[in-house]
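For reference, the structure is listed below as structure tokens.
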């Protein structure tokens, strides 16, 4: 059994999600100790329990210590399930973070997997669901990963209630990926939405993002404004957000997002998202800081050598690298310092 200390590096839920995801994928038993020990509310929280339960269901795993507040967890996977799974993340628990844990092992299921997830689609401290559809899935597709995400209903803090359908057609292997340079910027796309709010909120977010990007010299913009008439608005509570994607001639995509909050003007939401994207574009890297974090497990299981240049080596990325090395026995090569641009490479295990 592989032991992972839950208080290392980032010390939060990222360690739990990555450890269980890779254990389910590789079929190895793991024990996580000192779970979130440095946090004000240590131990497993409801969203972590939900993620592990979901992976346990899909991988027919036996678990020990899977209760809220537990500081030690054992996970013993026994296979890769397929079929339809319905999972309620609970209130506004992040659906994108749950998917980060589920998706790596789903590529190795025997047959097609369909997930119906209920929870938060656009919440703080998590990538938006649009970031997954605009940035993550197109990049994983270049490695041979085949999946679609359909947003049936959005869910925001605190009510949640978002509904998402995810379909994964397992390819049973992944190709290595090389993302060290990027081509010419072709266009910037955006999705600005609001629910149970006046439609002008989404429009103002988009207009502010457009202005910020135009003032910086970027004019080839394509925005989708997503609003709902009151009689068709079935969402449980109000909320808004915006996700941006910069698309380059060689297929590389950089992303950034931001969500609305009570008391935050819509113009600020759009401007901040645009400023985040401008920082990514200005780094000259083909992989943004959040995508770099997400790609680590896929690079490790791919066939051949993968290399990426990230705009920033975040603590989340360093944590993912450390956990992945411990579970899969691979060795990453990192050129760069924390919070700086970095080149990351690894010889994948060629999982099948």
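Read-outs: derived from the displayed coordinates by stated rules, not from any lab. None of these values were measured; they are calculated from a predicted model. Here the Cβ positions follow ideal geometry from the backbone for every residue, glycine too, while neighbour counts run over all protein chains shown.
Odds and ends about this structure:
- Placing dummy labels 7 Å off each Cα toward the beta-carbon, the span from residue 234 to residue 57 is 2.0 nm.
- For the pair residue 141 and residue 184 in one chain, pulling the backbone fully straight at 0.36 nm per residue adds 13.4 nm over the alpha carbon distance.
- The modelled label-to-label distance for the pair residue 72/residue 340, using points 7 Å beyond Cα in the direction of Cβ, is 4.0 nm.
- With contacts taken as Cα pairs under 8 Å at a separation of at least 6 residues, segment 183-282 carries a relative contact order of 37 percent.
- Of all DSSP beta bridges confined to segment 183-282, the antiparallel ones make up roughly 75%.
- Relative contact order (percent, whole number), the chain, Cα cutoff 8 Å, 6+ residue spacing: 15
- From most to least packed by mean Cβ count within 10 Å, the peptides 219-225, 149-155 give 149-155, 219-225.
- For 8, 1, 103, 299, order by how many other beta-carbon atoms lie within 10 Å, fewest first: 1, 8, 103, 299
- Inter-label distance for residue 331 and residue 284, nm, one decimal - labels placed 7 Å from Cα along Cα-to-Cβ: 3.1
- Taking every DSSP beta bridge that has both ends in the chain, the antiparallel portion is near 70%.
- Cβ crowding within 10 Å averaged over residues, with 289-295, 249-255 ranked highest first: 289-295, 249-255
- Convex hull volume of the chain per residue (C-alpha atoms, cubic angstrom): 119
- For segment 121-260, Kirkwood radius (reciprocal of mean inverse C-alpha pair distance, Å): 16.3
- Here the residues 247, 331, ranked from fewest to most Cβ neighbours within 10 Å of their Cβ, fall in the order 331, 247.
- Packing-based ranking of 334-342, 169-177, 52-60 yields 52-60, 169-177, 334-342, ordered from highest to lowest mean Cβ neighbour count within 10 Å.
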